[in-house]
1. Principal axis extents for the stretch 1-141, Cα atoms only, whole Å, descending order, please.
2. Accessible area per residue for the stretch 72-196 in Å², computed with a 1.4 Å probe and the full protein assembly in place, what is it?
3. Under a point-charge model restricted to the Cβ atoms of Lys and Arg (+1) and Asp and Glu (-1), what is the dipole moment magnitude of the chain relative to its Cα centre, in debye to the nearest 20?
4. Roughly how big is the stretch 115-196's charge dipole about its Cα centre, with Cβ charges of +1 (Lys, Arg) and -1 (Asp, Glu), in debye to the nearest 20?
5. If exposed means no more than 15 neighbouring beta carbons inside 10 Å and the site is in a DSSP loop, what's the longest run of the chain without any exposed trypsin sites (Lys or Arg not before Pro)?
6. From the residues ALA85, PRO102, VAL127, which one has its Cα farthest along the dipole of the stretch 1-132 in the positive direction, the dipole being from +1 and -1 charges on Cβ of Lys/Arg and Asp/Glu about the Cα centre?
7. Between SER101 and ALA143, what is 0.36 nm times their sequence separation minus the Cα-Cα distance? Round to one decimal in nm.
8. Enumerate by residue number the GluC sites (Glu not before Pro) in the stretch 80-179 meeting two conditions: DSSP loop (anything except H, G, I, E, B), and at most 14 other Cβ atoms within 10 Å of the site's Cβ.
Amino acid sequence: MRNESEGRPSEARSRLLDTATRLFYGEGIHAVGIDRIVVEAKVTRATLYRHFAGKEDLVLAYLSGVDRAMRSPAEEAIAARLPAAETILTLSRDIAQGIQSPGFRGCAFLNAAAEYPDPESPARKAVLAHRQWFLETITGLLAEIREAGAEPAARHFVMLRDGAMAAGCLFDPALISETFLHGVGRLLQVYAATKD
């Protein structure tokens, strides 16, 4: 439910979503129950159900919020109209910075995919939609450098990113970030130098 006069989500809805986001990302979606979210958000169950039909709706709102947070820097970088390679490097530096942030626990979408293996589940579909957007964004940028081979190179970039996101919460995040950025730099160098 939205606050009609201001066009913004209600404070209770925001608290619920902020609490769910913190707990789902930090501990895992299936590990956190509705009762805990209600208690930590300091709302009643009735308030939760006034804003979300159930846990699945809350999970989808969480994934939607993470999606928006990840799209925003990409859209800003693209809007800056830098050369495509510099835009990709800017996005890569943002990813590396995220890996080194306190509380980093990997990619929220890869984590959710591990918890929702059913391809028909709405959460799994939200994960795949986000990943498709990311792949298409990188493909479009690479096509500005050289059209031939843009999609395979973009898949390579996404795999580098996925590996860095997985390793960044298991090993030294600074080293993982450095390795990721080196890999992206090399990918761009080889891609730009390859003849059509």
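The values are calculated or read from the model by the stated rules, or taken from the named source; none is laboratory data. Being a predicted model, the structure only gives us computed values, none of them experimental. When we count neighbours, we look across all protein chains shown, and the Cβ atoms used for this are built from the backbone with ideal geometry, even at glycine. Areas reflect the complete protein model, heavy atoms only, side chains present, ligands, DNA and RNA absent. Shrake-Rupley method; radii C 1.70, N 1.55, O 1.52, S 1.80 Å.
1. Result, largest extent first: 51, 39, 31 Å.
2. Numbers: 6760 Å² over 125 residues.
Here the per-residue accessible area is 54 Å².
3. Values: 23 positive and 25 negative charges, 60 e Å.
Here the size comes out at about 280 debye.
4. On the way: 8 positive and 11 negative charges, 29 e Å.
Around 140 debye, computed over the stretch 115-196.
5. On the way: sites that count: LYS42, ARG81, ARG105, LYS195.
In short, 106-194.
6. PRO102
7. Numbers: separation 42, 0.36 × 42 = 15.12 nm, distance 3.09 nm.
Extending this stretch completely gives an extra 12.0 nm.
8. Values: sites: GLU86, GLU115, GLU120, GLU136, GLU144, GLU147, GLU178; in loops: GLU120, GLU147.
Passing sites in the stretch 80-179 are GLU120, GLU147.
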